[in-house]
Number of protein chains: 2
Amino acid sequence: MDENQKEILKVSIFKHLDSGALKKISAGASSSMHSKGKILFIHGDEAQRFYFIKSGWVKLFRETLDGAQAIVDILPKGYIFGETSIFEDSIYPYSAEVVEPSEIISFSLKNLKSEIAENNQLALSMLSAMARYRRQQDQEIEHRSIQNAPQRLGCFLLRLANQDEVGVVKIHLPYDKTLIASRLGMQPETFSRALSKLKAQTGIRVQGATIEMDSLDSLVRYSCSACSSEFPCKDLHAAE
Amino acid sequence: MDENQKEILKVSIFKHLDSGALKKISAGASSSMHSKGKILFIHGDEAQRFYFIKSGWVKLFRETLDGAQAIVDILPKGYIFGETSIFEDSIYPYSAEVVEPSEIISFSLKNLKSEIAENNQLALSMLSAMARYRRQQDQEIEHRSIQNAPQRLGCFLLRLANQDEVGVVKIHLPYDKTLIASRLGMQPETFSRALSKLKAQTGIRVQGATIEMDSLDSLVRYSCSACSSEFPCKDLHAAE
DNA sequence: CGAGGGTTTGAAGTGCATCAAATAGTGTGG
DNA sequence: CCACACTATTTGATGCACTTCAAACCCTCG
């Protein structure tokens, strides 16, 4: 089993692949390093490959003619993207940009498509992943409509934290504050002010990209009151 | 073939079912009329059935403890909902409320689940539907972050209109203005003002729930400039 | 040390929400 | 067919949250 095959097995939807299927899907796979700013593909491009993040972070986004940008998602290592284009019109539904130096493996979409067509287990795994994603998007829309900026940020921090941990909690922001801001649908200035407000209202301590607090309780009280889900909400992509 | 089976064949993901599969899925199906305001299930309920809208409209939503409500979707006849709970934890991820007198058929989720597990074609159809939905949600998030209220409304109207039609266009709003407002993530007052603004800026004519315009052009110019997709955007659920 | 990006702070403007009240529209019972 | 009750919609006035623009600050790295 080659390196690429070993990696892709880490993705939840490929976990149960047998070696034959694995071989088919990873045929023609290729890995490469990309530095910050690299555009992997553009919204509307014809989709021929999907991508796996071996290390680093990738931003998925869409933008209008006049330059306004909407973040679709920001993915850490261990995730794939571009794979949904096997349905639809074989067109990427968003653009993808590397936001931290990243090692990315690309795979053939055609191989994936044909394997899914005959491998029911794989189709089921993918369905289940899609359902999870859908739930997450529903929650995202909810957050943007009923949480204000500080609450949204608080919620983001909570999902970065190890939620089972007791005692002092330490969080390291996974990427630029400016990028987190856009991920949360707000301006950098608003982000900064939201963080100050959280500091004042919940007693978190901020030191550059590191955030510390004695317990998650006050943050939960502050953010989760404006959310329809119960607290231990695991949905965000795990940080590193 | 009974009535319920005939109906469910209209749903895109069930279009290709053979009669055996159809029979399995519709076993135990039952149809009933519901009036406006009827709650079909609540976010968090254990999911045992999924629903098909034979006629009417159904609102999917989530709400926080303090009563704030976020609309997930508003579905017309011909659509199903609650079906994604076959993955996840068998919990409904939203609440469902009838917003116009509706005839609803409910089906067993267990039957659907077991049929999907062995029917690859069905799994693929469902995957494709999920991908379509996902694309739509991405767009929804984009709209809410980069379009303002009048633009969002304009975009909504465009998707209600027959986009191929030439000449005078006539649109009938499919449900309450208040409900459209919440569907678009704004207050009723804001909706009303957004409509006035559209009237002033694009020359549409409003008469109660009926809207008329000489062509879609000015609306397209007004709304689509703040969107990453090209104009003929077909994604919204068709009206009646 | 200086350049440049990321971050914060300040001041001002805008869009939407909110509160309040008027108006239009709809269904009901008489 | 009318008057009433009730709801949907509109309009006006005000406030707040977030954005925008501008400038300072900070940190890293050559």
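Bear in mind that the values in this text are calculations on the coordinates, not laboratory data. Predicted model, so just to flag it, every value in this text is computed and none were measured. In this analysis, Cβ positions are derived from the backbone assuming ideal geometry, glycine residues included, and neighbour counts consider all displayed protein chains.
Secondary-structure-derived ellipticity at 222 nm for the protein assembly as shown, considering helices only, amounts to -12000 deg cm²/dmol, per-run term -39500 (n - 2.57) for DSSP H runs with n ≥ 4.
Taking the Cα centre of the protein assembly as shown as origin and assigning +1 to Lys and Arg Cβ atoms and -1 to Asp and Glu Cβ atoms, the resulting dipole is close to 500 debye. Just list whichever of A:K10/B:K59; A:K10/B:K24; B:K15/B:K54; A:K54/A:K234 have alpha carbons separated by over 26 Å in the model shown. A:K10/B:K59; A:K10/B:K24, as the Cα separations exceed 26 Å there.
Computed as a quarter of the hull surface, the mean projected area of the alpha carbon convex hull for the range B:29-124 stands at 6.3 nm². Between copies, A:R221 shows label-point distances of 5.5 nm, shortest first, with the point placed 7 angstrom from Cα along Cα to C-beta.
Of the Cα atoms belonging to chain B, the radius of gyration and Dmax stand at 19.0, 56 Å. Please give the residues of the range A:210-235, grouped as numeric ranges, whose backbone N is less than 19 Å from a label point set 7 Å along the Cα-to-Cβ vector of A:K15. Under 19 Å, as judged by backbone N against the label point of A:K15, lie A:233-235 of the range A:210-235. Each 10 Å bin from zero up to the one holding the largest Cα-Cα distance in the range B:158-223 carries the following percent of pairs: 20, 56, 23, 1. Build a GNM of chain B with springs between Cα atoms under 10 Å apart, and of B:I171, B:I146, B:I86 the one that fluctuates most is B:I146. Selection among A:A68, A:V98, A:F41 by position relative to the dipole of the range A:1-104 gives A:V98 as farthest towards the positive end (Cβ unit charges, Cα centre). Kirkwood radius, the protein assembly as shown, all distinct C-alpha pairs, inverse of mean reciprocal distance: 24.0 Å. Of the candidates A:G37, A:G185, A:G167, which one comes out as most mobile in a Gaussian network treatment of chain A with C-alpha springs shorter than 10 Å? Evaluated over chain A, the most mobile residue of the options is A:G167.
Does anything in the range B:83-109 have its amide N under 13 Å from the 7 Å Cα→Cβ label point of B:A27, and if so which residues? In the range B:83-109, the label zone of B:A27 (backbone N under 13 Å from the point 7 Å along Cα→Cβ) covers B:108-109.
Under conditions of 4 °C and 1.567 mPa s, the range B:188-232 yields 114 µm² s⁻¹ as its translational diffusion coefficient, taking Rh as the Kirkwood radius over Cα pairs in the Stokes-Einstein equation. Taking the Cα atoms of the range B:1-65, the ratio Rg/Rh between the radius of gyration and the Kirkwood radius comes to 1.01. Using R0 = 41 Å, the C-beta based FRET efficiency linking A:A117 and A:A200 works out to 0.15. The distance from the alpha carbon centre of the range B:1-33 to that of the range A:121-173 is 36 Å, rounded to a whole number. Each copy carries a label point for B:S196 at 7 Å from Cα along the beta-carbon vector; from one copy to the others these points are 3.6 nm apart, nearest first. In whole Å, how far is the Cα centre of the range A:176-240 from that of the range A:41-61? Cα centroid of the range A:176-240 versus Cα centroid of the range A:41-61: 27 Å apart.
For the modelled label position 7 Å from the Cα of B:E103 along Cα-to-Cβ, which residues of the range B:1-41 have backbone nitrogen atoms closer than 11 Å? Label zone hits: B:3-4, B:7, B:31-34. Looking at the range A:1-54, the trypsin sites (Lys or Arg not before Pro) that sit in a DSSP loop and have at most 15 other Cβ atoms within 10 Å of their own Cβ are A:K10, A:K15, A:K36. Copy-to-copy label distances for B:E118, where each label lies 7 Å from Cα along Cα-to-Cβ, are 2.2 nm in order of increasing length. When +1 charges are put on Lys and Arg Cβ atoms and -1 charges on Asp and Glu Cβ atoms, the dipole computed for the range B:75-207 relative to its Cα centre reaches about 700 debye.
Given R0 = 30 Å, the distance between the Cβ atoms of B:N148 and A:D89 translates into a calculated FRET efficiency of 0.55.
Compute a Gaussian network model of chain A, connecting alpha carbons closer than 10 Å, and tell me which residue from A:G154, A:G67, A:G44 fluctuates the most. With Cα springs under 10 Å in chain A, the top fluctuation among A:G154, A:G67, A:G44 is at A:G67. Computed from the Cβ-Cβ distance with R0 of 25 Å, the FRET efficiency linking A:T178 to B:Q187 stands at 0.25.
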